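Colleague: The structure's right below; bear with me while I get my questions together.
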Amino acid sequence: MDARLVAGLVAVGLVAASFPTRAHNNDDLEIVTLSNRADLVSGGDALVEVRVPKGVSLSKVRVELNGRKVTGFSADSKARTLRGLVTGLKEGRNHLTAEVDERGHGRDQRAHLFITNHPIGGPVLSGPQIVPFFCATNVFQPATATTPAPNFSGLSTAAVGAQCNIATEYKLYYRTNIVSTPPCSFALPDPTPPVGVTATTAPAPATPPANACFKPYDPTLPAPADLAKTTTDHGMTVPYIVRVERGTMNRGIYDIAVLFNPAQPWTSGAAPQAQWNGKILYTFGASTGQPRRQARTATNWTNDTALSRGYLVAQNSMTDSALNSNRVSMTETVMMMKEHVGDRYGPVKFTMGSGCSGGSINSNMNASIMPGNLDGITISCAYPDSETTGIEVGDCTLLAEAYNKPQWTALQAGLTQAQINAKKAAVNGHPDQTGCHGWYNAFGSNGKVGNYVRRGVQNSATGVTGPLTTATTNNCEMPLAGVYDPVTNPTGPRCHAWDWAASIFGRTANDLSADPTDLRARETRDNVGVQYGLKAMLSGAISAEEFVALNEIVGGSDKDSNFQAGRSVADREALDIAYRAGIVMSGRQYAKTAVIDLRGWDDAGTSPPGIPIHYQWRSFSIRDRLDREYGDHGNQVMWWFTNFLVPLGPSASLAGEAFVAMDQWLTNLKADTSHRRIEDKVRRAKPAGVADFCLITGGARITPLSACEAADQAVIGPAVTTRFKVGSSPRQVAGGPLSENILKCRLKPINSADYAPVVLSSVQLARLQAVFPGGVCDWSEDGVGQHLARSPRDYSDGPGGERLGSAPDSHEHGHHGHHRGHGRGDDDDDD
């Protein structure tokens, strides 16, 4: 329930006996918020606990919110606590007090807690939201010259206000027990109509799958004959009925699904239904994008593995990577969702995150930007983050174009196409030339700031580049006249990821008080000093002349994402912010989260067709960051297989095994109530037998990972290329580290000795000097602006943010608690 529906109401729900208790062992009266920090609350309510000193009658404690009495708390005399859901919080600062009035017995105590409530539509700490932004709708609306056709919300009422708030709705479904051939479908039983509409034609109504596993449930009718039962992981056998809550939060459309008993109310986290096991599975959507349109989440709540065990399944479109490229607001959304679950469903034991590709990025970003938001993650097709993944996207796009320039093609005269492609693969660091083709075709246009015709590799064998379509589009998903154009609309919305996250990175004039569409956002794109193909030349895969020529012609991108002869240059402020914020995945932060990484094959060829981009080296890159920044990778387990990108076929059981293993890992973690550091707890909690292995051809499980390539080769024979041979990237071939976390390298003078055993001529050295007047990358040094993460941070007062300090607490006799920013550490220490 959000603040709009409870305005003016000051009340609390009753606390169920199952709510965990905490003995109060001091003599102070204390108030705490249980579902989130008191300064980060959203939605108009907060689950509150009042802790009462020994010898004080609980009935003598009076609680007030902004001067009005709050009633209905449930008392636990053994734990000496009062608990309940306080609703009716006003937007902004709220004053919650607890007072003991036993003056006749010499007692007169008072505690204060200031709760800062933020709107359900956000933001909480991510700073001003991007505009324009177009709300989803419940009815078809055609596009106009200035507005796009809105997406369908899947809700029955219209959105309200700039934050696109839509009233919350609930639907019931049940799991069928019918076993059929083919098996029932776990596709959504309530799909939205297709998004692809024209200005004059509404889409056809969406229909559920013909053989849905989850069917609508009507509690006023007799129970369906095919109603399944399920036994949860805490031993309850119940009818398999699921309630799906759909609403809006932080401008995203969310779904929350959980086992439900229609005969009992469930409106407050103070009184949870018993079949919920207290655990959350949070699922993140894939890809990446920055559309200016609210949409339904692309993820699916029909997760039988989780729901049947009693998990609550949560997702929000603003945590889908395809719909939101601002990683801080994405992380903020997860925090808000968890608070909502705690306030309205009950105490959360732990939260497990899951996602593939862009979903793995968002899983990892939660661990880096806000450690503790997710207790553990099971990821597949993993990338560490979007900033450093973008390095390879940009390099591949530039290289694919360079290979078609006459300076390069002239040097390939007389070679077969296979020989030419082998040179490209050596420079790219991939098994074959198709890897960079995949990046260019899938995401090479993702950085375009205005209208464009999508360009890429037209032929995977020859690598010829050109337009892939005749359609003009933009990444804002807006009408063409509405977005940035350097001539006709220079102040229009810019449509790449850095502008989507301008509240975090800031703009070049750093003036967010002005119209937020009129200033270019700072960005991290940079290839100054990068010597493409360096290791390929040193190994003999390409010649010295090819090396020099390639670096002369590769060029870079300007701030409008157009190709240019010069190299790309990052904004220094953006580099500092990316590292401080944890937007570049921090190994030190990541060490605090339990990780099972399911790594499949997508390094080359056509799996999926035309876009091999999920290279295996990425998982080892994540591990390298852990080793370099924390000192070990004891929190990360890798399960490696080769037959598909995600666990299918012979590896199909791995996803379920990972879920069960992570469940046990997090159960062990939460049982550790010691004062050890969370990093140590995570490593101690890892279940015995949960360790690295690879699943080679034929199904054998091999450990250690270093033995996988040879073991697989022994099965398939030397004539077949094993898929356990880990490749690299253009930046690594250029000399960069496996961590691939240097956005902009520091430079050193060109030294001919660095090219030994290759001897460059004086003319070639002079040409390189012209390409690199400031020097070439010194990969032995940290990158420019590369610091340890100091997150989480609050961006309410501007880009760059301030590191969150201690959470607010309550003090007696009118002393105020801590507020955001107080007590934060020096951002420059330990670097």
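Colleague: If I filter region 753-771 for residues that are open to solvent by less than 50 Å² (accessible area, probe 1.4 Å) and more than 30 Å from ASN551 (Cα to Cα), do I get at least one hit?
Modeller: No, that holds for no residue.
Colleague: Mind listing whichever residues of region 64-123 are assigned to a loop (DSSP other than H, G, I, E, B), aliphatic (A, V, I, L, M) and either in contact with a Pro (Cβ under 9 Å, 6 or more places away or on another chain) or modelled with pLDDT of 95 or more (or both)?
Modeller: Keep residues of region 64-123 that are assigned to a loop (DSSP other than H, G, I, E, B), which gives 66-67, 71-73, 77-80, 88-91, 106, 119-123.
This time we only want the ones that are aliphatic (A, V, I, L, M), so: 79, 89, 120.
Matches in region 64-123: LEU89, ILE120.
Colleague: Looking only at helices (runs of 4 or more DSSP H) that fall completely inside region 373-448, which ones have 3 or more residues that are open to solvent by less than 30 Å² (accessible area, probe 1.4 Å), over 19 Å from ASN362 (Cα atoms) and touching a helix residue (DSSP H, G or I) at 6+ places or on another chain (Cβ under 8 Å)?
Modeller: Per the criteria, 386-402, 417-428, 434-443.
Colleague: Let me ask something else about it. Would you mention how many residues in region 553-594 are assigned to a helix (DSSP H, G or I) and of a type in the set (D, E, K, R)?
Modeller: 5
Residue-wise test of (1) under 28 Å from ILE583 (Cβ atoms); (2) without any contact (Cβ under 8 Å) to a residue 24 or more places away in the chain; (3) open to solvent by 20 Å² or more (accessible area, probe 1.4 Å); (4) of a type in the set (D, E, K, R).
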{"site": "GLY466", "(1), (2), (3), (4)": "no, yes, no, no"}
{"site": "ASN474", "(1), (2), (3), (4)": "yes, no, no, no"}
{"site": "GLU477", "(1), (2), (3), (4)": "yes, no, yes, yes"}
{"site": "LEU480", "(1), (2), (3), (4)": "no, no, yes, no"}
{"site": "ASP485", "(1), (2), (3), (4)": "no, no, yes, yes"}
{"site": "THR488", "(1), (2), (3), (4)": "no, yes, yes, no"}
{"site": "ALA497", "(1), (2), (3), (4)": "yes, no, yes, no"}
{"site": "ALA502", "(1), (2), (3), (4)": "yes, no, no, no"}
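Colleague: Further question on the same structure: Looking at this structure, is ALA206 touching a Ser or Thr at 6+ places or on another chain (Cβ under 7 Å), modelled with pLDDT under 95, more than 22 Å from TYR311 (Cα to Cα) and surrounded by 13 or more Cβ atoms within 10 Å (Cβ to Cβ)?
Modeller: It is true that ALA206 is touching a Ser or Thr at 6+ places or on another chain (Cβ under 7 Å), modelled with pLDDT under 95, more than 22 Å from TYR311 (Cα to Cα) and surrounded by 13 or more Cβ atoms within 10 Å (Cβ to Cβ).
Colleague: Within region 268-298, can you find the residues that are without any contact (Cβ under 8 Å) to a residue 60 or more places away in the chain and within 17 Å of the chain's Cα centre (by Cα)?
Modeller: Passing the criteria: THR297, ALA298.
Colleague: Right, something else. In region 73-82, what count of residues is obtained for those that are open to solvent by less than 70 Å² (accessible area, probe 1.4 Å) and free of Cβ contacts under 8 Å to residues at least 40 places away in the same chain?
Modeller: Going through region 73-82, the residues open to solvent by less than 70 Å² (accessible area, probe 1.4 Å) turn out to be 73-76, 79-82.
The next check asks that each one be free of Cβ contacts under 8 Å to residues at least 40 places away in the same chain; those that pass are 75, 82.
Here the count works out to 2.
Colleague: Moving on. Being surrounded by 14 or more Cβ atoms within 10 Å (Cβ to Cβ) and of a type in the set (Lys, Arg) is the filter here, so list the residues in region 83-98 that pass it.
Modeller: ARG83, LYS90, listed by residue number.
Colleague: Of the residues that sit in region 520-546 and are part of a loop (DSSP other than H, G, I, E, B), open to solvent by less than 20 Å² (accessible area, probe 1.4 Å) and among the aliphatic types (A, V, I, L, M), which one is farthest from ALA578 (Cα to Cα)?
Modeller: ILE542
Colleague: Just give me the residues in region 215-250 being in contact with a helix residue (DSSP H, G or I) (Cβ under 6 Å, 6 or more places away or on another chain) and not hydrophobic (A, V, I, L, M, F, W, C), in sequence order.
Modeller: ASN250
Colleague: Another question about this same structure. Yes or no: region 650-672 includes at least one residue that is at positive phi and open to solvent by 10 Å² or more (accessible area, probe 1.4 Å).
Modeller: For region 650-672, residues at positive phi and open to solvent by 10 Å² or more (accessible area, probe 1.4 Å): absent.
Colleague: Any chance region 593-604 includes a residue that's of a type in the set (D, E, K, R), in contact with a Pro (Cβ under 7 Å, 6 or more places away or on another chain), open to solvent by less than 10 Å² (accessible area, probe 1.4 Å) and in contact (Cβ under 8 Å) with a residue 60 or more places away in the chain? If you could, list the steps in order and put the result at the bottom.
Modeller: From region 593-604, those of a type in the set (D, E, K, R) are 597, 599, 602-603; that's our starting set.
Imposing the further condition that a residue be in contact with a Pro (Cβ under 7 Å, 6 or more places away or on another chain) reduces the set to 602-603.
If we keep only those that are open to solvent by less than 10 Å² (accessible area, probe 1.4 Å) as well, we get 602-603.
When the remaining residues are screened for being in contact (Cβ under 8 Å) with a residue 60 or more places away in the chain, the result is 602-603.
Scanning region 593-604, I find at least one residue that is of a type in the set (D, E, K, R), in contact with a Pro (Cβ under 7 Å, 6 or more places away or on another chain), open to solvent by less than 10 Å² (accessible area, probe 1.4 Å) and in contact (Cβ under 8 Å) with a residue 60 or more places away in the chain, so the answer is yes.
Colleague: I'd like to know if region 214-236 contains one or more residues that are in a strand (DSSP E or B) and aromatic (Phe, Trp, Tyr).
Modeller: Within region 214-236, one or more residues are in a strand (DSSP E or B) and aromatic (Phe, Trp, Tyr).
Colleague: May I pose another question? Suppose we keep only residues that are part of a loop (DSSP other than H, G, I, E, B) and in contact with a strand residue (DSSP E or B) (Cβ under 9 Å, 6 or more places away or on another chain) within region 669-699. Which one would you say is nearest to VAL348 (Cα to Cα)?
Modeller: The selected residue is LYS686.
Colleague: Would you be able to tell me the number of residues in region 397-433 that are touching a Pro at 6+ places or on another chain (Cβ under 7 Å) and farther than 30 Å from TRP500 by Cα?
Modeller: Number of matching residues: 3.
Colleague: Taking ALA710 as meeting all but one of (1) assigned to a loop (DSSP other than H, G, I, E, B); (2) more than 29 Å from GLY529 (Cβ to Cβ), write down the number of the exception.
Modeller: The one condition ALA710 does not meet is (1).
Colleague: Whether any residue in region 747-767 is touching a strand residue (DSSP E or B) at 6+ places or on another chain (Cβ under 9 Å) and within 30 Å of TYR630 (Cβ to Cβ) is what I want to check.
Modeller: yes
Colleague: Can you tell me which of VAL715, VAL726 is within 21 Å of ASP624 (Cβ to Cβ) and either among the hydrophobic types (A, V, I, L, M, F, W, C) or touching a residue at least 60 places away in the same chain (Cβ under 8 Å) (or both)?
Modeller: From the options VAL715, VAL726, the qualifying one is VAL726.
Colleague: Consider SER706 carefully, then state whether it is out of contact with any Pro (no Cβ under 7 Å at 6 or more places or on another chain), farther than 16 Å from THR351 by Cα, open to solvent by less than 60 Å² (accessible area, probe 1.4 Å) and among the polar types (S, T, N, Q).
Modeller: No; evaluated as a whole, the condition is false for this residue.
Colleague: Now, a different point. Considering each residue of region 29-72, count those that are over 14 Å from HIS112 (Cβ atoms) and open to solvent by 40 Å² or more (accessible area, probe 1.4 Å), and give that number.
Modeller: Here the count works out to 10.
The values are calculated or read from the model by the stated rules, or taken from the named source; none is laboratory data. Since we're looking at a predicted model, the values are computed, not measured. Using ideal geometry, Cβ is built from the backbone for each residue, glycine included, and neighbour counts are taken over all protein chains shown. Please note that ligands, DNA and RNA were not included when accessible areas were found on the heavy atoms of the full protein model with its side chains. Shrake-Rupley method; radii C 1.70, N 1.55, O 1.52, S 1.80 Å.
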